[in-house]
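Below is one structure, written out as structure tokens; comments come after it.
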Amino acid sequence: MRELDRGRVSAVVALAAAVVALVAPGALADGPGARDATSHVLIGVSPGSSFGVVVDGEPLPEGSVESDPLGILEFAVDDGAPGVHTVSFSLPELLVLSSVAVDSVTSSSAVIRWQTNIPSNSSIEYGLTYDYGDATGVDPEMTLSHRVVIEGLIPASTYHFRAVSTDVFDRTAVSGDQVFETAPPPLEIADVTVSGVGPTWAIIGWTTTRPATSRVEYGLTDGYGQETSEDTLAVVEHSVMLTGLLDGTAHHFRVHSRDGYGPDASSPDSTFTTMELEPTGPPIIGDVAALAECVSSVVVTWTTDRPATSRVRYGTRGDLDCSTQLDPALVTDHVVRVGPVAPRHEYTFIVLSACGADTAESTPLVFATELPEASVNDGKGVTIARPGIACLADTTATIAWSTDRPCTTWVEYGTDKDLGSANVQLPTRGYTYEASLVGLAPGTLYYYRVCAWDEFGGAVYSNRSTFETCELVDRNPPESPGGLSGIVVEGGVSLEWIPCGEEDLRGYYVYRMQSARPDGGQYPFDIDRAVRMNDLPLWNASYFDDDIDARATYHYAVSAVDLVGNESAVSGPVTVQCSAFAEFRLSILPNPSFGSATLAYAAAPGALVRARIYTATGRLVREISCTVSASGQGSLAWDGRDLVNRPVGSGIYLCELSDGGHAVRRKFTVLR
């Protein structure tokens, strides 16, 4: 028998004997199995069996003791000196596993728990098939409650597993085969962008790693406070429009998506700033004043509530047939010098300021010029007061001046400094004069001088002066837009028309009038009763009216406006009945589609309906049409192929169903 370390007990194999033998000297103690010994032999036990041996209340460290084929069980105690040891024997209880459960499954890990009836270690065999193929390390802790974490799993996969425990007697128990499914990888959001922004709206876009819903929280702080309704259509490319925003203001937002397989995904806080909404309509004019600078010029001043252009129209006898050149500089404090003007004349004038095509003008006001002090008739020539422009237009000009005494007087003028032979002579004598020059070229610089003669001093001439005729004013409006059409779609009325070809076209105005009369009839379109829908001209030949009453019928008309502000007559009106849209429906089955799809619809019996299928970028994929049956319901079959009979790829598609007066659109997904 081999010697053991102090305090250890070991099992050894011995020769067969008929009684319990004492290998080391000692006396038996009282009680069953109690011996004063360092080595013990037990004879007549079950051959080839494992026995639990407890010495002094402690089990053998190596677990069990095996009896030999003859039924002899031998073990030794090395306590350094003989003593009394209490030894008991028993057949060990069978190791049993129970309550195997899967807990806390993620995309890459799972926790397995189970119970055993006696302390044992813990491990898991697992794999994608019944053969397993992988195993965790063995947790050596002897316990009744077992917990093992399996890591490094493949997301969205089905795993087989069984629990394994081994006790101190080297007996192993194994559970039956069980399965669990790992979760998909966490839904991730990427590429969050603000793809478009206006004064009161913004378009938010993002992508997700798999099809999911769409929702946006937004507000003036990172506490948000507002959110869009959730779009439950599962897509990977998301686009949500925010409306009702404050212009020129920074807004916070974050996006949310969910797919039902795991936690919702949310983006970090982001910001965008809406465009500044430009004031509409003409500016407000105030503080108009006129101050004489000298006998032949006046300075006119005024203010506007926002930056605007500057111009003064003026003339004698209240005709306002002269104008200063337009000053295009956008200012709020306006100063315009009017002159030369004729002495001893009263002028009526107005000031004009424009913001874009909207022009404001003041009420008519008056300023007066003074006559210079007359000279004494001392035999010298006539004194001509500095001549000035009393009226100036594109093809005419009026020159005004005065003399210190009655005389014969005229005006010489031309397009160069030599003046030429053109002149206008006045038939009467007096102190103040006006001469009208006609047949002038628009936008042209002219030279002129005033001549005077009397019998006392002969002929005298003023210094040469200049004026420039006005540019020829465009007073011709553009042609009216044609081809106006309107259909009711989800959320409003969509209008389109044929673009005008004018080179100086600025845009279009849309007019709307509700047609219902109190007696149930309809009013015809009347521009005086219509409401202009847009404050600023539209660049595109289309308009979407989202402010409608679903029960109403509307008349629409469109006009064109040029850069000068000339507006055309309105187009022929189009009438749109919104109430009929309630019976116009479209459903796409199945969605997602795995190839072919059924386009189920409801429309007016006998109508020709046309379904057009587009890609997410707007490219036409397929067009299908049919006539609606008497039941008002039907379906169109799409085989998942494009115009040249090729199968379409996976992605997001848009189906538009229309009958010429109404249209409805639905997004759907194709998976291949």
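Values computed for the structure shown
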{"read-out": "Tally of residues being modelled with pLDDT of 90 or more and more than 19 Å from V561 (Cβ to Cβ) across the range 527-549", "value": "0"}
{"read-out": "Residue ID - least open to solvent (accessible area, probe 1.4 Å), chosen from residues in the range 506-525 that are within 18 Å of G482 (Cα to Cα) and of a type in the set (D, E, K, R)", "value": "R512"}
{"read-out": "Hey, F668 buried (at least 19 other Cβ atoms within 10 Å of the Cβ) and touching a His at 6+ places or on another chain (Cβ under 7 Å) or not", "value": "no"}
{"read-out": "Residue under evaluation V576, criteria (1) out of contact with any Leu (no Cβ under 7 Å at 6 or more places or on another chain); (2) open to solvent by 10 Å² or more (accessible area, probe 1.4 Å); (3) within 30 Å of C500 (Cα to Cα), criterion not met", "value": "(2)"}
{"read-out": "Flag if E471 is open to solvent by 70 Å² or more (accessible area, probe 1.4 Å), at pLDDT 85 or above and part of a loop (DSSP other than H, G, I, E, B)", "value": "no"}
{"read-out": "Any pair with Cβ under 9 angstrom, 6 or more apart, that starts in the range 125-137 at a residue that is of a type in the set (S, T, Y) and ends at one that is surrounded by fewer than 14 Cβ atoms within 10 Å (Cβ to Cβ)", "value": "Y126/G133; Y130/D177; Y132/D177; T136/V149; T136/E151"}
{"read-out": "Candidate set: the range 92-132, residues that are of a type in the set (D, E) and assigned to a loop (DSSP other than H, G, I, E, B); chosen: the one least open to solvent (accessible area, probe 1.4 Å)", "value": "E93"}
{"read-out": "Residues of the range 144-166 classified as open to solvent by less than 30 Å² (accessible area, probe 1.4 Å) and part of a strand (DSSP E or B), total", "value": "10"}
{"read-out": "Identity of the residue in the range 243-252, touching a Phe, Trp or Tyr at 6+ places or on another chain (Cβ under 7 Å) and within 17 Å of P199 (Cβ to Cβ), that ends up surrounded by the fewest Cβ atoms within 10 Å (Cβ to Cβ)", "value": "T243"}
{"read-out": "Candidate set from the range 430-445 (those that are open to solvent by 20 Å² or more (accessible area, probe 1.4 Å) and touching a strand residue (DSSP E or B) at 6+ places or on another chain (Cβ under 6 Å)); member that is farthest from T316 (Cα to Cα)", "value": "L445"}
{"read-out": "Residue list for the range 474-491, restricted to those being small (G, A, S) and crowded, with 16+ Cβ neighbours inside 10 Å", "value": "S480, G486"}
{"read-out": "Residue match in the range 529-546 (condition: open to solvent by 40 Å² or more (accessible area, probe 1.4 Å), touching a residue at least 40 places away in the same chain (Cβ under 8 Å), closer than 12 Å to V576 by Cβ and among the polar types (S, T, N, Q))", "value": "no"}
{"read-out": "The range 317-329: number of residues that are without any contact (Cβ under 8 Å) to a residue 60 or more places away in the chain, surrounded by 15 or more Cβ atoms within 10 Å (Cβ to Cβ) and assigned to a strand (DSSP E or B)", "value": "1"}
{"read-out": "Answer residue from the range 606-630, given it is touching a residue at least 24 places away in the same chain (Cβ under 8 Å) and out of contact with any strand residue (DSSP E or B) (no Cβ under 9 Å at 6 or more places or on another chain) and is most open to solvent (accessible area, probe 1.4 Å) among those", "value": "A630"}
{"read-out": "Verdict on R344 being buried (at least 16 other Cβ atoms within 10 Å of the Cβ), of a type in the set (D, E, K, R), at pLDDT below 85 and closer than 30 Å to I384 by Cα", "value": "yes"}
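The values are calculated or read from the model by the stated rules, or taken from the named source; none is laboratory data. Keep in mind it's a predicted model, so treat the numbers as computed, not measured. Quick reminder, even Gly has a Cβ in these numbers, built from the backbone with ideal geometry, and neighbours come from all protein chains shown. Calculation scope for accessible area: heavy atoms of the full protein, side chains included, ligands and nucleic acids excluded. Shrake-Rupley method; radii C 1.70, N 1.55, O 1.52, S 1.80 Å.
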